[in-house]
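Just so it is clear, none of the values below were taken in a lab; they were calculated from the coordinates. Since the structure is predicted, the reported quantities are computational estimates derived from the model, not experimental observations. As a convention, Cβ positions derive from the backbone with ideal geometry for all residues, glycine included, and neighbour counts pool all protein chains shown.
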Amino acid sequence: MRRIILTETTQIHPFNEPARDLRVQNKPLWLWQRDLLTPYTSEEREYPDWQTAYRFEEEAVECFVHRDNLFFNRDLIDEFVSRARNGRRPVRLAFSIDDPAIKTHVKPLTHSFFQQDKLLLTDMWYLPKGLSQSVEAQPLVIDTEPLERGYYHVPPYMATDFGDLVYQLPRKAFVLIENWVHVFIADILFGVFARGAFFENRIDADWKLKLKILSRSLLEQKHVLSNSEMVKIGKNVSIDSSAVIHGPTVIGDNVNIGAGAVIDNCTIGSNVTVSQGCQLMLSVVSDGCFLPFRTSLFMTTMMENTMVAQNTCLQLCVVGRDSFIGAGTTFTDFNILGGPLRTLSNKNGSLEETNMLVLGGCVGHHCRLSSGLVIYAARTVESDVVLLASRERQFITKNVRFEDSDHYPYEDKYPYPRLYPRSDEL
């Protein structure tokens, strides 16, 4: 089957980079897509739009067509391709408008869904006889099979209207990445969080798996959540005996985990250092990252080659590649004034509701944040920004653009290159 990729060049704020190049599940999105689709496709071709694809793709060959800003998992692709091939007709992936996972987490901040009656059509097609069939494609509706899982209980004396806050975690994940919040959803909610929730369900339902995990714990003399069935460890990994690691967790090669570190349901890339006393929960730490002592991550993504210094707390955040966050910096995640949080829309730059009551901030690529900053919930720091804490600028209450960077007064002595300009500046 031939894979046709329609490229989406729109930059995602604050990274100033197309979605395909952003890291999701510790892989560039384009590589994540390729790895999942390789079992079904034998060749791939890229085109900027449908018109160009029509011009060069005149053969009546079996095609899988998708836009390159889509995140999906193995379960969704397996069902879509299987049902599409069995039906032997051109189809387009669709979801019910009332699907809890899509309605709650994906549709907000998304502007590229095509709504047809009570369906949301996506940019993914199966065309058994070539691109000419695209106009005939009928919706193929997939149920994401979400699992409702709580993540916070807000005490009534703080917010009487909230109580238990829940996420809808799909078994068959799909996200159209048009905003930094969608990276958080793909990586954390539909990634490590959903992985852990559905793995727990498998253990409860499968006595053979349960027996396998228990026997492995007895054989290795480890806690039931820490044996090799639950924690997958790569090559040349050094783990201090006092560290606590609970699965399902994946750890790459050449990783160093220090004394007293606590890791619970995370993905840790290769060449990563997690120093003494760090606490990581439901997070993705990409290749080459460095976490000094007592760094805390909760439901947070760190892209490659980034450092978060000691005594820093990040909750429900996304941090781009090659960035530095100084010691003692805190990212808040709750709007104490009440109501849904808003963040910058990638479509027109205005503020738009995220449909989330708890959400951290986002730091772009190649940023330098000094120690002691407090970043308010849902705020963004654009790529290439330098922030220096001061009496006037300790609390970051507004989104920070490159024009607001603190490096300008020092440009003559300490030149700071801009690596990720906005598309209108290229």
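Here are a few things to note about the model shown:
- Largest GNM mean-square fluctuation across 355, 179, 201, computed for the chain with C-alpha springs under 10 Å, falls on 201.
- The Kirkwood hydrodynamic radius of the chain, based on inverse pair distances between different Cα atoms, is 22.8 Å.
- Cβ-placed point charges (K, R +1; D, E -1), dipole of the chain about Cα centre in debye, nearest 20: 780
- Relative contact order computed over the range 2-194 (Cα-Cα under 8 Å; 6+ residues apart), in percent: 24
- Relative contact order, whole percent, for the chain stands at 11, derived from Cα pairs under 8 Å and 6 or more residues apart.
- Largest-first principal axis extents of the Cα set of the range 337-426 (Å): 45, 34, 17
- Choice from 395, 193, 72 with maximal GNM fluctuation in the chain (Cα, 10 Å cutoff): 395
- Nitroxide proxy distance, nm - points 7 Å out along Cα→Cβ at residue 165 and residue 351: 1.7
- Cα→Cβ-extended label distance, 7 Å offset, between residue 135 and residue 151, nm: 4.4
- Loop exposure criterion: GluC sites (Glu not before Pro), DSSP state outside H, G, I, E and B, at most 13 other Cβ atoms within 10 Å. Applied to the chain, the longest stretch between such sites is 60-391.
- Peptides ranked, highest mean first, by Cβ atoms within 10 Å: ranges 233-239, 95-101: 95-101, 233-239
- Long hydrophobic helices in the chain: the complete DSSP H runs spanning 18 Å or more by Cα along their own axis with mean Kyte-Doolittle hydropathy of at least -1.0 are 74-87, 207-220.
- Anchor residue 235: lysines whose Cα lies under 19 Å away (excluding residues fewer than 8 positions away in-chain): 27
- Per-pair calculated FRET efficiency, R0 = 25 Å: residue 111 and residue 232 via Cβ, rounded to 0.05: 0.10
- Using a Gaussian network model of the chain in which every pair of alpha carbons under 10 angstrom is joined by a spring, one finds that among 204, 264, 412 the greatest mean-square fluctuation is at 412.
- Listed residue (261, 135, 26) projecting farthest to the positive dipole end of the chain, Cβ model: 261
- When the listed pairs 129/172; 210/232; 107/129 are checked against a 21 Å cut-off, the alpha-carbon distance exceeds it for 129/172; 107/129.
- Cα-based equivalent ellipsoid, the range 224-425: semi-axes from gyration tensor eigenvalues, Å: 31, 20, 15
- From helices alone, the chain scores -4000 deg cm²/dmol at 222 nm; the rule is -39500 (n - 2.57) for each run of n ≥ 4 DSSP H residues, then divide by the residue total.
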